[in-house]
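Trainee: Sharing a structure with you now.
Only the coordinates and a few stated rules stand behind these numbers; no lab work does. Predicted, not measured: the structure shown is a model, and the values here were computed from it. All Cβ positions, glycine included, derive from the backbone under ideal geometry; neighbour counts span all protein chains shown.
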């Protein structure tokens, strides 16, 4: 793997962490510090989001930082990475969330310790992976669209351990998934014309892979909702619609299209275009596929 010429000595790493992320409890953060120290990877500054603002390119440049490590879930990773588009340094994605989809894309199934071993040994390269792009922003790990995205509110209630809110949000999400306005492919006109409660976009070097999920009864919708919470969408019935560089979705009833960008909610117009594009800042990858 290629190593950055100006990173022969990685001694100015700043770290972004989020105490609310799935695995960012105090013990994991202390363990990360220890892993870095034992490999002579010095963490010179820590940013605890959302209490602290995410770093800007100017702030990193002023401090002479060439590598930013981000130990959070996919949503905070998205904000940190897209907020640094145009920066000349590199970002190290670490598995600090629940599902760690972007970390898996960059490093395979490697643990945090294994990733740091590779970094310390120079076994990495800089990459600009393909992302899913729409007017609401970029998704680096995955994008979901349709009324099924309402299950994101259930996930938040679970994260906050709010039992009353969990029951209410589960009922609301099921009602929205079964009764909300479905989405369908408009250009090209593929798949079911009655639409789908959820369409998943997975960016890769081959383009955007589209999987459209459907259900026969409320039980299927409920099972798919829980699969969404666990990021195991493909357990439910779905249609593989293909690989695309660009496509257009439309809401079957002319309503706004709800989306999740790396798990974070956003809203688009009733007709929206999605495309594959290159990430606009360097990431460090250690997986064999890069």
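Trainee: Rank these for me by crowding, 117, 61, 53, going from fewest to most other beta carbons within 10 Å.
Mentor: Exposure proxy ranking, most exposed first: 53, 61, 117.
Trainee: Sticking with this structure for a sec: Find how many whole Å separate the alpha carbon centroid of the range 85-107 from the alpha carbon centroid of the range 249-290.
Mentor: 17 Å
Trainee: Under a point spin-label approximation (7 Å from Cα along Cα-to-Cβ), what is the residue 271-residue 245 distance to one decimal in nm?
Mentor: According to this spin-label approximation, the distance is 2.2 nm.
Trainee: Also, quick follow-up: Give, in nm to one decimal, the length gained when the segment between residue 255 and residue 19 is fully stretched (0.36 nm per residue of separation minus the Cα-Cα distance).
Mentor: 81.4 nm
Trainee: To continue, here is another question. Using 0.36 nm per residue, how much length does the chain from residue 37 to residue 187 gain when fully extended, once their Cα-Cα distance is taken away?
Mentor: Separation in residues times 0.36 nm, less the Cα-Cα distance, equals 48.8 nm.
Trainee: Return the distance in nm (one decimal) between the two label points of a simple spin-label model at residue 59 and residue 206, each offset 7 Å from Cα along Cα→Cβ.
Mentor: 4.0 nm
Trainee: If you don't mind, another one. So for 33, 66, 118, fewest C-beta neighbours within 10 Å to most, what's the order?
Mentor: Least crowded to most crowded, the residues run 33, 118, 66.
Trainee: For 276, 70, 131, which order do you get if you count the other beta carbons within 10 Å of each Cβ and list the fewest first?
Mentor: The fewest-first ordering by Cβ neighbours comes to 276, 131, 70.
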